[in-house]
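Worksheet: the structure to be examined is printed underneath.
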Amino acid sequence: MKSTKKLAFQRLKKNKIAMVGLAMITFLLFLAVFAPWIVPHDPVEPNFGKRFLSPCKEYPMGTDDLGRCVLSRIIYGARVSLQVSMTVVGIIAVIGVTLGLISGYFGGALDELIMRFVDIVLAFPGIILAMAVAGALGPGLFNVMLALALVSWTGFARVVRSSVMAVKEKEFVESAKSLGCSDLYIMTRHILPNVITPVLVLATLDIGFIILAAASLSFLGLGAQPPIPDWGSMLNNGRTFMRTAPLLTIFPGIAITTAVMAFNSLGDGLRDALDPRPQKELKK
């Protein structure tokens, strides 16, 4: 019999859409990490003598209203978007998993208190609440990350809570309790490893959502401030010139769409590959 991990990996490899998503994510990470050595021009230095150039050999995606290389700004925008999304997902995963573990394991009044707080947060549309928080804190990348983290952790809490409630009734947990293991030890050593699968899937899917949400806030002027290259702010800047230079909105729009689709495709593939329900044996 093949191990569960090997079967999951083989299922993922057979999912062509997921593998395309993984390839695109790898490419975006490469651009983000090596941006300073890849970009053909300075992404923030204006060159007023080369404003609104069409795509050419020197400027493959043309230039914007200040003569800056659009391709260079797109590449640096990947660095900003991935940094924001992965940081936010890391924060909300820690918050959500911690609260979900506590709520599902202890139950009772503590469970009710945490879940009612989750319901209160979910009562507001996520992006609207993030806009309100970011607006109150003021524009800036740090404030955007904080706003998105404050409103996006609820999914992790609910998923982990439901998984913990199922796992804590298993025999190995009862055995650990009978041996006198502490609650913290049981939660971190016995329960958490058995509920991590849905967390990984949700984290992958949430990165795409956070990229889109961060771009939306930047489009509204609440995110990255000029001259920082950011896909959302590039869209906002380009909409003024949609009739005369539509490529200024098309290129960052394609970048956002590609990144979101890549993470969503990989997340869907991971969900199918890690599905614990019985599946047909893969052909060797």
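Okay, residues lined up against (1) in a helix (DSSP H, G or I); (2) hydrophobic (A, V, I, L, M, F, W, C); (3) in contact with a strand residue (DSSP E or B) (Cβ under 8 Å, 6 or more places away or on another chain); (4) touching a residue at least 60 places away in the same chain (Cβ under 8 Å):
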| residue | (1), (2), (3), (4) |
| --- | --- |
| M24 | yes, yes, no, yes |
| D42 | no, no, yes, no |
| E45 | no, no, no, no |
| V80 | yes, yes, no, yes |
| M115 | yes, yes, no, no |
| V118 | yes, yes, no, no |
| F124 | no, yes, no, no |
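For (1) under 20 Å from T257 (Cα atoms); (2) at pLDDT 95 or above; (3) open to solvent by less than 60 Å² (accessible area, probe 1.4 Å), each residue gets a yes or a no:
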residue	(1), (2), (3)
Q10	no, no, yes
K16	yes, no, no
D42	no, no, no
P46	no, no, yes
S54	no, no, no
G67	no, no, yes
Would you pick out the residues in the range 56-65 that are among the charged types (D, E, K, R) and open to solvent by less than 60 Å² (accessible area, probe 1.4 Å)? D64, D65
So the helices (runs of 4 or more DSSP H) completely within the range 152-233 holding 2 or more residues that are open to solvent by 70 Å² or more (accessible area, probe 1.4 Å) and under 17 Å from P252 (Cα atoms) are 192-219
Could you please let me know if R116 is farther than 14 Å from V97 by Cβ, more than 20 Å from the chain's Cα centre (by Cα), of a type outside the set (V, I, T) and open to solvent by 50 Å² or more (accessible area, probe 1.4 Å)? yes
Within the range 21-56, work out how many residues are among the hydroxyl-bearing types (S, T, Y) and under 16 Å from L266 (Cβ atoms). 1
Against the condition closer than 30 Å to V44 by Cβ and either touching a helix residue (DSSP H, G or I) at 6+ places or on another chain (Cβ under 6 Å) or assigned to a helix (DSSP H, G or I) (or both), how does I102 come out, does it pass? no
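The values are calculated or read from the model by the stated rules, or taken from the named source; none is laboratory data. What you see is a predicted model; the values in this text were computed from it and never measured. Heads up, the Cβs are rebuilt from the backbone with ideal geometry, glycines too, and the neighbour counts pull from every protein chain shown. Areas reflect the complete protein model, heavy atoms only, side chains present, ligands, DNA and RNA absent. Shrake-Rupley method; radii C 1.70, N 1.55, O 1.52, S 1.80 Å.
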